[in-house]
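Accompanying notes for the structure given below.
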Amino acid sequence: MTNLLEIRDLHKRYGTVEVLKGVDCAMRQGEVISIIGSSGSGKTTMLRCINMLEEFQGGTIAIDGQEIGYETAGGVRRRKPEREIARQRAMTGMAFQQFNLFPHMTAAANVMLGLVKVKKMGRDEARTLAEKWLDRVGLLSRKDHYPGQLSGGQQQRVAIARAIAMNPKLMLFDEVTSALDPELVNEVLQVIKALAEDGMSMLIVTHEMRFAYEVSSRVIFMNQGRIGEEGNPREMFLKPQTERLAEFLKTSTFN
Amino acid sequence: MDFGFLDQLWVARIPLLKGLGVSISISLLSIVVGTVLGVFVGLALTYGYRPVQWLVRGYTDFIRGTPVLVLVLASYYVLSTVGIDLGPFQAGVLALAVFCSSHVGELVRGALQSIPKGQTEAAKAIGLTFPQTFAYVLGPQALRQALPAWVNTAAEMVKASTLLSIIGVGELLLRTQEVISRTFMSLEFYFFAGFLYFVINYGIERFGRYVERKTAVPS
């Protein structure tokens, strides 16, 4: 059986600075993997390569055996056509640190846009589905509100509903609680936890160590553009094998 | 005296009305053509390939650095020397439309660049193509952003339409001057013309406000 996600020898440079120095990672259907590490370690960049928000210069990323972003023909590596990349992006869903809801659309319209324009769903069907997912994140009563009328936590939950309604094979969470006030963090984490229990495959970049510990089936520790250590959360957090991870965990807070 | 002015106004009503009509036509045409052109200018400035950007940047900087009057005169007198023979009305509208396009281009560029990058990324992440992203995410936001400044530009175009009197287009100002040269009532008729321009621009401004209110996003 092919892995849901397979990253091989991923290299990414910004100019002359190499931020990913050969990352390998395989992920099965239904896994929940948290990616931790200090800022600048490349964890967000790695996530953003998976849906081609960042270009990468070396290595391959495959989802369900399908190579993402680039194709190699006759030894020449070429970026795939934009239309193809857009289609591949729809295989993953992403939630961002800054929510990035579309401010000129209601919560329901935010969720519906991709369904109607990308999935070519009829408006009625899309509305029903959007309402179902807004209900799942506890915001059905806010469906006609604009992002500016919602709290940060509510906006993030709408953003998650918008991504998940597209029925992605894999969800990418990029520090989704970092921009939230402490009292709003929990409501968002609860939503993600519920998705994990439903068997959604997820890659979660996070600074919430307790959450990573509780929700993940596996944790990846990124260090200076490479995977520093990986394993199940219990072993990782309680018995770190590397100096680096022990150091990092010491400076992190568990709350 | 007052009675005399109203009397003269009645006598001059046909040329003045025609002048007003011409002024409105000039303004409308140059605003519409200038805006359509300007949107493309703005798109090229924001998303064009480097050489295209440089070319269009040169165009806008050159046009915006040139007095409108010079553009009007050049359009009428210079273009004919290279074989493009335009009537005064056409030449004038062309000059104003070009002027308008450079301003609208800058407005559109500014509005598009003020939209946070996260908007494009979120649109990409749900699988929208670039044209879709522009149509449903960036465009509507840029429109709201650019509207107030666009209303200003439109009002500027109405005022700039008076410059076409220099090349003999029978718009409101030229017709007013003709009436004054016959009646010697300069104060009254200039005031009257000024009043008409004010009414047009006030109307544009009210319309702009109305659209702004209609498209405002609740928060």
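Only the coordinates and a few stated rules stand behind these numbers; no lab work does. As the structure is a computational prediction, the values presented were derived from the model and not from experiment. Backbone-built Cβ (ideal geometry, glycine too); neighbour counts: all protein chains shown.
Scan the range A:72-83 and give yes if some residue there is crowded, with 18+ Cβ neighbours inside 10 Å and either farther than 28 Å from A:T2 by Cβ or without any contact (Cβ under 8 Å) to a residue 60 or more places away in the chain (or both), otherwise no. Checking the range A:72-83: not a single residue is crowded, with 18+ Cβ neighbours inside 10 Å and either farther than 28 Å from A:T2 by Cβ or without any contact (Cβ under 8 Å) to a residue 60 or more places away in the chain (or both). May I ask you to verify whether B:E106 is within 14 Å of chain A (Cβ to nearest Cβ), acidic (D, E) and in contact with a helix residue (DSSP H, G or I) (Cβ under 9 Å, 6 or more places away or on another chain)? Against the criterion (within 14 Å of chain A (Cβ to nearest Cβ), acidic (D, E) and in contact with a helix residue (DSSP H, G or I) (Cβ under 9 Å, 6 or more places away or on another chain)), B:E106 does not qualify. Considering only the range B:114-135, I want to know if a residue exists there that is in a helix (DSSP H, G or I), more than 10 Å from chain A (Cβ to nearest Cβ), farther than 16 Å from B:L45 by Cα and under 25 Å from the mean Cα position of the chain (by Cα). No, the conditions are met nowhere in the range B:114-135. The single condition from (1) within 24 Å of A:L113 (Cα to Cα); (2) out of contact with any Pro (no Cβ under 8 Å at 6 or more places or on another chain) that A:E187 fails is (1). Among the conditions (1) touching a residue at least 60 places away in the same chain (Cβ under 8 Å); (2) of a type outside the set (S, T, N, Q); (3) more than 9 Å from chain A (Cβ to nearest Cβ), the only one that B:R144 does not satisfy is (3). The residues of the range B:190-219 that are touching a Leu at 6+ places or on another chain (Cβ under 8 Å) and more than 21 Å from B:N152 (Cβ to Cβ), listed by number, are B:F192, B:A193. With respect to being in a helix (DSSP H, G or I) and touching a residue at least 60 places away in the same chain (Cβ under 8 Å), A:F237 falls outside the description. When the range A:87-105 is limited to residues that are facing chain B (nearest Cβ under 7 Å) and of a type in the set (F, W, Y), the one that is nearest to A:E67 (Cα to Cα) turns out to be A:F96. Tell me whether the range A:32-39 contains one or more residues that are within 24 Å of A:Q224 (Cβ to Cβ) and in contact with an Asp or Glu (Cβ under 8 Å, 6 or more places away or on another chain). No, every residue in the range A:32-39 fails to be within 24 Å of A:Q224 (Cβ to Cβ) and in contact with an Asp or Glu (Cβ under 8 Å, 6 or more places away or on another chain). When we screen A:G122, A:G138, A:G153 for residues that are more than 12 Å from B:I126 (Cβ to Cβ), free of Cβ contacts under 8 Å to residues at least 12 places away in the same chain and more than 10 Å from every other protein chain (Cβ to nearest Cβ), the only hit is A:G122.
Does B:A95 satisfy the condition of being over 19 Å from B:A216 (Cβ atoms) and either acidic (D, E) or away from chain A (no Cβ under 14 Å) (or both)? In short, yes. Across the range A:181-207, the qualifying residues are those that are farther than 16 Å from A:T92 by Cα and in contact with a Phe, Trp or Tyr (Cβ under 9 Å, 6 or more places away or on another chain), and the one among them that is surrounded by the fewest Cβ atoms within 10 Å (Cβ to Cβ) is A:K193.
Taking the range A:151-180 as the range and being surrounded by fewer than 20 Cβ atoms within 10 Å (Cβ to Cβ) and closer than 15 Å to A:V111 by Cβ as the test, only A:N167 passes.
Filtered by the rule that a residue be within 14 Å of chain B (Cβ to nearest Cβ) and buried (at least 22 other Cβ atoms within 10 Å of the Cβ), the range A:46-62 gives A:C49, A:I50, A:N51, A:M52.
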